[in-house]
Amino acid sequence: MFKRPLSSSSRALQQVSKASQSKKFNLSDLEFGKLSKAQIAYLDRVIRVDQSGELGANLIYNAQYVVLANRYPHLKPVLQHMWDQELHHYSTFNDLQVRRRVRPSLLTPLWKVGAVGLGAVTALISKEAAMACTVAVETVIGNHYNEQLRVLMNQYDVPIYEKNTGEVISKESLEMTLRTSPELRQLKEFIKEFRDEELEHLETAIEHDAKKAVPYMLLTETIKLLCHGAIYTAERV
Ligand SMILES: [Fe+2]
Ligand SMILES: [Fe+2]
């Protein structure tokens, strides 16, 4: 097939892009553009609400464990495993909160009482009601984490500069892991990991008869509403 000859300017452009593509960058070569005030404020909100949420999840599982573990020995390891994972989620967001100096939600005492109450009351109703509570909470948290991931993936695009020259680097020339700042990448990885574990908890609760709780719909829909209210408030207060 006949190929049109390249003009000298397009040949030069091709050479430049080939040169930047072939250059291998390390993280230490890169400088990430500053985040806007709105982006920083959203990050603070993410950490504040997730820390509160994971604190609440911990206390829910704690209360369920206290009420159910001795009565139903087969549930002991199941509840312990989910609780252990919540402890890890909570301590991770606690660390982030300290490191980024984000103030905790002012309503933390209320979240504590509410979570213990929710865990204990549902567990006292029945083991199925406790599992229905888990279904409701994890459904809301799973969606909440997905929403945060969407924002962090779509609205945190900052320019990346080569440290030495100050020149903007095209993202396509960088490996995927270098296209986001380490802090943001780590936060997204935590949220993805925790989201997957929350969805595992949801499945575990269904496997353990959550849907046999009476009245299932009323219980789960009420708890979902409570969780939505708590998320909305903890993000802001
Ligand atoms: Fe969690
Ligand atoms: Fe969970």
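Given the -39500 (n - 2.57) contribution per DSSP H run of 4+ residues, what per-residue ellipticity at 222 nm results for the chain, rounded to the nearest 500 deg cm²/dmol? Numbers along the way, then the final one.
Details: 7 runs with 164 residues, N = 237.
Calculated at 222 nm, the ellipticity per residue is -24500 deg cm²/dmol.
Counting pairs of Cα atoms in the chain, how many percent are more than 34 Å apart? Don't skip to the end; give the middle numbers.
Working: 9287 of 27966 pairs.
Counting every Cα pair in the chain, those more than 34 Å apart make up 33 percent.
Around the amide H of residue 180, modelled in the peptide plane, lies no amide H under 5 Å away from a residue 5 or more places distant or on another chain. Taking Cα atoms only, the orientation of helix 127-154 departs from the longest principal axis of the chain by about 20 degrees. 3J(HN,Hα) along the stretch 107-118: 9, 3, x, 5, 4, 5, 5, x, 5, 4, x, 5 Hz, from the Karplus curve 6.51 cos²θ - 1.76 cosθ + 1.60 with θ = phi - 60°, whole Hz, x for Gly and Pro.
Contour minus end-to-end for residue 74 and residue 177, with contour as 0.36 nm per residue of separation and end-to-end as the Cα-Cα distance? Numbers along the way, then the final one.
Numbers: separation 103, 0.36 × 103 = 37.08 nm, distance 4.23 nm.
This chain segment gains 32.8 nm when fully extended.
Dimensions of the stretch 165-234 based on its C-alpha atoms, expressed as ranges along the principal axes with the largest first, amount to 66, 29, 16 Å. The phi-based Karplus calculation (6.51 cos²θ - 1.76 cosθ + 1.60; θ = phi - 60°) puts the 3J(HN,Hα) values of the stretch 48-60 at 5, 6, 5, 5, 4, x, 6, 4, x, 4, 3, 6, 4 Hz, whole numbers, x for Gly and Pro. Applying the Karplus relation 6.51 cos²θ - 1.76 cosθ + 1.60 with θ = phi - 60° to the stretch 214-231 yields 3J(HN,Hα) values of 10, x, 4, 5, 4, 4, 5, 5, 5, 5, 4, 4, 4, 5, 4, x, 5, 5 Hz, where x marks Gly and Pro.
A Förster distance of 45 Å, applied to the separation of the beta-carbon atoms of residue 199 and residue 168, puts the FRET efficiency at 0.70.
Within the stretch 60-117, all pairs of alpha-carbon atoms sorted by distance into 5 Å bins from zero give the percentages 4, 17, 18, 22, 17, 11, 7, 3, 1.
Determine the relative contact order of the stretch 28-236: mean sequence separation of Cα pairs under 8 Å and six or more apart, normalised by residue count, in whole percent. Working shown, then result.
Numbers: 226 pairs, mean separation 68.1, N = 209.
That works out to 33 percent.
Relative to the longest principal axis of the chain, what angle (0 to 90°, nearest 10) does the C-alpha long axis of helix 8-22 take? It is inclined by approximately 40 degrees.
For a Förster distance of 30 Å, can you work out the FRET efficiency between the beta-carbons of residue 150 and residue 222, rounded to the nearest 0.05? Please report the intermediate quantities before stating the final value.
Working: r = 27 Å, r/R0 = 0.90.
For residue 150 and residue 222, the calculated efficiency is 0.65.
Here, each number is a calculation from the coordinates, and none is a lab measurement. As the structure is a prediction and not an experimental result, all values here were calculated from the model. Cβ atoms come from the backbone with ideal geometry, glycine included; neighbour counts cover every protein chain shown.
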